[in-house]
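Step one of this worksheet: look at the structure below.
The values are calculated or read from the model by the stated rules, or taken from the named source; none is laboratory data. Owing to the predicted nature of the structure, the values given are computational and were not obtained by experimental measurement. Cβ coordinates were reconstructed from backbone atoms using ideal geometry, including for glycine residues, and neighbour counts include every protein chain displayed.
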Amino acid sequence: MSWIDQRPDDAMDGAFTAVGPESVRTVEAGPFREAMSRLGAAVHVITTAGPAGKAGATATAVCSVTDAPPVLLMCLNRRSQTNPAVSENGVFCINTLGASEAEIADLFAGRTGVTGSDRFSTGEWTTLATASPVLVSAVVAFDCRIVEVRAVGSHNVFFGAVEAVRLGPQGPALVYHERAYKKV
Ligand SMILES: Cc1cc2nc3c(=O)[nH]c(=O)nc-3n(C[C@H](O)[C@H](O)[C@H](O)COP(=O)(O)O)c2cc1C
């Protein structure tokens, strides 16, 4: 079946204005999620701290944008309890998990029922430049100050200027692929 066969009646075609001359025709969310499950991605815990308090969520939607100056982006669902905290604090840290840290990934994905700052009672934490929690065992941590935010569909895209980096223990990283944690 081609993607065009899978278009639903409720595709959000009115949600975007195309850059080019043709109108936008998106695939259905279900087939899109199925397709994305085949795209393996590193697993991160996004943390923040500041006037809005400490919060954190598991995310794979993280990407380098430019190294001149160093900027990366991460995408958070606006329904996540971490989203308003990140917006208000204006800072976040991307903690890239090691292969043995699936439990922390589940904890920060809300799969164990632990919420808010209680999530930080697991793991050893420090800080770098922004006061966002830095997971000592993470293979790498990128401490960022937000320079731009775009709302796209259900998510906010946060662009963060990287103010500090911490290289943690070397070794295999945790990757999410076909809805399972894998070691790479
Ligand atoms: C492997 C994995 C990757 C995820 N990636 C993202 C992501 O990139 N962006 C996002 O908004 N939520 C992502 N989530 C879902 C959030 O972790 C989860 O919805 C959120 O932490 C739970 O909401 P809460 O923090 O409000 O409890 C991911 C979850 C898992 C298990």
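Summary table below
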quantity	calculated
Single condition LYS54 does not satisfy, out of (1) in contact with a Ser or Thr (Cβ under 9 Å, 6 or more places away or on another chain); (2) modelled with pLDDT under 95	(2)
Residues of segment 47-66 classified as closer than 17 Å to ASP118 by Cα and near the ligand (Cβ under 8 Å from one of its atoms), total	4
Members of segment 67-83 found to be assigned to a strand (DSSP E or B) and either near the ligand (Cβ under 6 Å from one of its atoms) or in contact with a Lys or Arg (Cβ under 7 Å, 6 or more places away or on another chain) (or both), listed by number	CYS75, LEU76, ASN77
Candidates VAL162, VAL184 - the one that is in contact with a Phe, Trp or Tyr (Cβ under 7 Å, 6 or more places away or on another chain) and among the hydrophobic types (A, V, I, L, M, F, W, C)	VAL162
Among the residues listed as ARG111, ARG78, the single one being of a type in the set (D, E, K, R) and either on the phi > 0 side of the Ramachandran plot or in contact (Cβ under 8 Å) with a residue 40 or more places away in the chain (or both)	ARG78
In segment 28-51, residue nearest to the chain's Cα centre (by Cα) [restricted to those that are surrounded by 15 or more Cβ atoms within 10 Å (Cβ to Cβ) and in a loop (DSSP other than H, G, I, E, B)]	VAL43
Candidates ALA138, ALA161 - the one that is part of a loop (DSSP other than H, G, I, E, B) and in contact with a Lys or Arg (Cβ under 8 Å, 6 or more places away or on another chain)	ALA138
From GLU124, GLU178, GLU148, residue being surrounded by fewer than 15 Cβ atoms within 10 Å (Cβ to Cβ), on the phi > 0 side of the Ramachandran plot and at pLDDT 95 or above	GLU178
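Listed here are the residues, each with its yes/no results for (1) modelled with pLDDT of 95 or more; (2) within 16 Å of PRO133 (Cβ to Cβ); (3) buried (at least 19 other Cβ atoms within 10 Å of the Cβ).
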{"position": "ALA59", "(1), (2), (3)": "yes, yes, yes"}
{"position": "PRO70", "(1), (2), (3)": "yes, no, no"}
{"position": "ARG78", "(1), (2), (3)": "yes, no, no"}
{"position": "GLN81", "(1), (2), (3)": "yes, yes, no"}
{"position": "VAL91", "(1), (2), (3)": "yes, yes, yes"}
{"position": "SER100", "(1), (2), (3)": "yes, no, no"}
{"position": "LEU107", "(1), (2), (3)": "yes, yes, yes"}
{"position": "GLY110", "(1), (2), (3)": "yes, no, no"}
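Matching residues to (1) in contact (Cβ under 8 Å) with a residue 12 or more places away in the chain; (2) farther than 12 Å from THR48 by Cα; (3) surrounded by fewer than 14 Cβ atoms within 10 Å (Cβ to Cβ); (4) of a type in the set (A, V, I, L, M, F, W, C):
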{"residue": "THR115", "(1), (2), (3), (4)": "yes, yes, yes, no"}
{"residue": "VAL134", "(1), (2), (3), (4)": "yes, no, no, yes"}
{"residue": "SER137", "(1), (2), (3), (4)": "yes, yes, no, no"}
{"residue": "GLY153", "(1), (2), (3), (4)": "yes, yes, no, no"}
{"residue": "PHE158", "(1), (2), (3), (4)": "yes, yes, no, yes"}
{"residue": "VAL162", "(1), (2), (3), (4)": "yes, yes, no, yes"}
{"residue": "ALA173", "(1), (2), (3), (4)": "yes, yes, no, yes"}
{"residue": "LYS182", "(1), (2), (3), (4)": "yes, yes, no, no"}
